[in-house]
Amino acid sequence: MKGQGTLTLITGGARSGKSTFAEKLAAQRGGDRVTYIATCQPWDEEMRERVAIHRRRRPPAWATVEEPFQVAAVLSTVGYQSRVVLIDCLALLISNYLTGGTLAEENSPPGEPEGEKRAWEQVEALIAVAGRIPADTIIVTNEVGWGLVPPTPLGRRYRDLLGRANCALAASAQEVYLVAAGIPLELKSLSRGQHR
């Protein structure tokens, strides 16, 4: 297997084509040796149907790991077994930490500083692990700060934390794609072109 892998961040709005583009990129770079890390916790029928659509789109040879919290730990293992690891998505990972899950079992109220702290630690761990594994890492995220200001304190904390996480990952990534209306734009090369 090759040496150190790359980190690619793919962002955009809801239903912009981010996941479809990420899956195509993963297939091009990894073929059948792709591990897909799913962060979604499908609590209701609508979410279960969304998950089913994603599953049907993925090649059957790809490995899938469902992990809503300890994604960096999974990445540190599968990153030595796969050519590409696709994480879909960071927005749900952050949400999982802020709204409960295992945190609720540990008596940490949803949205409190402990959830934010653990979410940020996970972001830092993802950056560190992606920088040392041989597999290429592709992370899908969302742009949630382009719309209305959320009406609740938890919504605003989520928006702000995800924005900070996206910035941190983008700074460490070799490629950053913004997907709008199904069209991917690679932002880092555009940025470098403007500063010549």
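Screening the stretch 127-159 for residues that are within 16 Å of the chain's Cα centre (by Cα) and part of a helix (DSSP H, G or I) and picking the one that is surrounded by the fewest Cβ atoms within 10 Å (Cβ to Cβ) gives A128.
Run down R57, R48 and say which single residue is in contact (Cβ under 8 Å) with a residue 24 or more places away in the chain and either loosely packed, with under 15 Cβ neighbours inside 10 Å or on the phi > 0 side of the Ramachandran plot (or both). Reasoning before the result, please.
Details: R48 fails: in contact (Cβ under 8 Å) with a residue 24 or more places away in the chain.
From the options R57, R48, the qualifying one is R57.
For the stretch 24-39: of the residues being more than 11 Å from R58 (Cα to Cα) and of a type in the set (D, E, K, R), which is surrounded by the fewest Cβ atoms within 10 Å (Cβ to Cβ)? In this case the residue turns out to be R33. Against the condition out of contact with any His (no Cβ under 7 Å at 6 or more places or on another chain) and at pLDDT below 90, how does G163 come out, does it pass? Answer is no for this residue.
Against the test of being modelled with pLDDT of 95 or more, of a type in the set (S, T, N, Q) and closer than 22 Å to K18 by Cβ, the options T141, T99 yield a single qualifying residue, T141. Being assigned to a helix (DSSP H, G or I), within 18 Å of A27 (Cα to Cα) and either charged (D, E, K, R) or touching a Phe, Trp or Tyr at 6+ places or on another chain (Cβ under 7 Å) (or both) is the filter here, so list the residues in the stretch 46-92 that pass it. Hits for the stretch 46-92 are R55, R56, R57. Give me the residue from the stretch 175-196 that is under 15 Å from the mean Cα position of the chain (by Cα) and not hydrophobic (A, V, I, L, M, F, W, C) and, out of that set, nearest to T11 (Cα to Cα). Going through the qualifying residues, I end up with Y177.
Would you mind finding the one in E66, E23 that is in contact (Cβ under 8 Å) with a residue 12 or more places away in the chain and over 28 Å from L187 (Cα atoms)? Being in contact (Cβ under 8 Å) with a residue 12 or more places away in the chain and over 28 Å from L187 (Cα atoms) holds for just one of E66, E23, which is E66. Could we say that E67 is among the acidic types (D, E), at pLDDT 95 or above and out of contact with any Asp or Glu (no Cβ under 7 Å at 6 or more places or on another chain) here? For E67, the condition - among the acidic types (D, E), at pLDDT 95 or above and out of contact with any Asp or Glu (no Cβ under 7 Å at 6 or more places or on another chain) - is met.
The values are calculated or read from the model by the stated rules, or taken from the named source; none is laboratory data. As the structure is a computational prediction, the values presented were derived from the model and not from experiment. Using ideal geometry, Cβ is built from the backbone for each residue, glycine included, and neighbour counts are taken over all protein chains shown.
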